[in-house]
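Note sheet for the following structure.
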Amino acid sequence: MTTPCLNPLYAQMPTTIFEAMSGLARQHGAINLGQGFPDGPPPPALAQAAARAMAERSQQYPPMAGVPELRDGVAAFYGRRQGLALSREHVIVTSGATEAVAAAILATVQPGDEVLVLAPAYDAYAPLVRRAGGVPVFVALRPPAWAMPIDALHAAITPRTRALILNDPLNPTGTVTTAAERAALAALCVKANLVAICDEVWEVVRFDSQPHASLMAEPGMAARTIKIGSAGKIFGATGWKVGWLVADPALAAVVARAHQFLTFTTPPMLQWAVAEGLADDALIDSQVADWAASRAALLRALAAHGFAVLPGTATWFSCIDLAQSGFTLDDTTFATRAVAEAGVATIPLSALWEGSPAPRHIVRLCHCKPAAMVEEAVARLAAWRDGL
C-alpha cells in the first residue's frame, strides 16, 4: 500500500509535553502538577450564567467576531483594569487563546518571514509560525531572573523580521516584564516596524499586588499590537475555550479573516456568561485570591522540604531548581521518573525550549490545586528524593 503524503511538520511532531505528562499521570494514578488546569469548577455564578443563557437565549451561530455583549465586555474590562481605550471594533472572540495566537500568526506572517520568539515559550508558537511558512528565531532568557534580553533581540533582527511574540506574564517561569523592559520592547518594535503578538492570558493571575500593564499601552504600539486574552485563565474555566484578541480595528479586521476559517465562532452561551463574569471585579478577585492561597501552600511546602524555588509572581506555576534541591537528575529524567516512582507529574522546562541549549535543571509545578493536594505532592517528591 502506498503511504499517503502528509505534512511533515505534523507527521514528525511528537505529542505535546502537556498531553504526554497528563497521560502518564492518568496511567500511574499520579497527582498532576504538570498540565495547567484547576481541579475545581469555575465560579458557580459563571456556570449559572451559562445555564441561563443556554435556556433563554440562542444556541445557533453567533456573529463570527463574537456576541456584542462579550466584545463590549472585553473592551470595558480592559478600560477599567488596564486603562486601555477600546471599543467593540477592537475585539474578536476566539475559541480559546491558542486559536487567537494562530489567527494572529496566519494574518501577519508570510512565507520566509522571521518571527522573534523568546525561549522558554508556549509550545504552540513555533509550529504555528512554521505552518504559516515563517521562521521562528529564538532568543533565550536566562534563569534565575529571566530578564528580557533586549540587546540579543536587537541583534536577532534582520530585514526579514516581521513580528515578535511576547508572553507576559510568562509561562512557564511566572515572571512579568518591568516598565523599562516594556518601553525597550516598544522602541524595538517601532524601530524595526514589527507586529507584536502579545499573549497576555495570565494578565489577571498575578500575586504581586501590581496591575497588569500591556505592551499595547506603550507609545507607538496601539496600531501594531495584537493582545490576546483568555476567560479560561481569568475564571479557571479552561475547558470552555473562550478567548479573544484585541487590536486596532484595521488590524483586527484582518486577523478576523484568518479566524473565520479556523473555528469561525465560539458557543454563544459561554460568551454571554463570560461577558457577565468580566463585569464582576469581585468575582475575578476572589478567584485569584483562592489561587494565591494554593500557591502559598505550595511555596510553604517546598521551603519546608528544602526545594529551591525560582522567582515568579504570576501564572498558575512555580519552578524549582533541581540541582539546588538535591537532585542530580536532568529535568526530563526527573519528570519521567517522578510521575512513575513518586506519583507526581511535572513539566520539564527544556520541553518548552528551542534555539540555544536549554537549562536542564528546572521543572514547572502547577499550584492551582487544593492545598492538601499540593502539600501531598511535595511530600511525595521529598520522600522520593531522600530515597534515591
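The values are calculated or read from the model by the stated rules, or taken from the named source; none is laboratory data. If you're wondering where the values come from, they're calculated on a predicted model, not measured in any experiment. Positions of Cβ are generated from backbone atoms using ideal geometry, with glycine treated the same way; all protein chains shown enter the neighbour counts. All accessible areas refer to the heavy atoms of the entire protein, side chains included, with ligands and DNA or RNA removed. Shrake-Rupley method; radii C 1.70, N 1.55, O 1.52, S 1.80 Å.
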statement: Scanning segment 237-250 for residues that are over 17 Å from PHE77 (Cα atoms) and touching a helix residue (DSSP H, G or I) at 6+ places or on another chain (Cβ under 8 Å), the one surrounded by the most Cβ atoms within 10 Å (Cβ to Cβ) turns out to be ALA237
- line: In segment 192-210, anything out of contact with any helix residue (DSSP H, G or I) (no Cβ under 6 Å at 6 or more places or on another chain), open to solvent by 20 Å² or more (accessible area, probe 1.4 Å) and modelled with pLDDT of 95 or more is listed as ALA192, ASN193, ARG206
field: Within segment 174-191, considering residues that are among the small types (Gly, Ala, Ser) and over 30 Å from ASP280 (Cα atoms), the one surrounded by the fewest Cβ atoms within 10 Å (Cβ to Cβ)
entry: ALA180
- prompt: Is there any pair with a first residue in segment 165-180 that is free of Cβ contacts under 8 Å to residues at least 60 places away in the same chain and part of a loop (DSSP other than H, G, I, E, B) and a second that is of a type in the set (A, V, I, L, M) and open to solvent by 20 Å² or more (accessible area, probe 1.4 Å) whose Cβ atoms are under 7 Å apart and which are 6 or more apart or on different chains, and what are they?
  reply: ASP168/VAL176; THR177/MET148
- request: Would you confirm whether any residue within segment 138-159 is open to solvent by less than 50 Å² (accessible area, probe 1.4 Å), touching a Ser or Thr at 6+ places or on another chain (Cβ under 6 Å), in a helix (DSSP H, G or I) and at pLDDT 95 or above?
  value: no
- prompt: If ASP39 satisfies every condition in (1) charged (D, E, K, R); (2) at pLDDT below 95; (3) crowded, with 17+ Cβ neighbours inside 10 Å but one, which is the exception?
  reply: (3)
query: Given (1) over 12 Å from the mean Cα position of the chain (by Cα); (2) without any contact (Cβ under 8 Å) to a residue 40 or more places away in the chain, where does ALA247 come up short, assuming only one miss?
result: (2)
message: Residues to consider are LEU70, LEU86; find the one that is more than 19 Å from VAL254 (Cβ to Cβ) and buried (at least 22 other Cβ atoms within 10 Å of the Cβ).
response: LEU70
statement: Going through segment 123-132 in order, the residues found to be modelled with pLDDT of 95 or more and open to solvent by 30 Å² or more (accessible area, probe 1.4 Å) are LEU128, ARG130, ARG131
- prompt: Within segment 316-358, which residues are at pLDDT below 95 and open to solvent by 50 Å² or more (accessible area, probe 1.4 Å)?
  reply: GLU354, GLY355, PRO357
task: Restrict the check to segment 268-286 and report whether at least one residue is farther than 27 Å from MET54 by Cβ and either open to solvent by 10 Å² or more (accessible area, probe 1.4 Å) or at pLDDT below 95 (or both).
output: no
message: Can you tell me which of (1) under 23 Å from ASP199 (Cα atoms); (2) of a type outside the set (Gly, Ala, Ser); (3) open to solvent by 50 Å² or more (accessible area, probe 1.4 Å); (4) in contact with a Phe, Trp or Tyr (Cβ under 9 Å, 6 or more places away or on another chain) is the one CYS368 doesn't meet?
response: (3)
- prompt: Do you know which residues across segment 313-358 are part of a strand (DSSP E or B) and of a type in the set (Gly, Ala, Ser)?
  reply: ALA314, SER318, ALA345
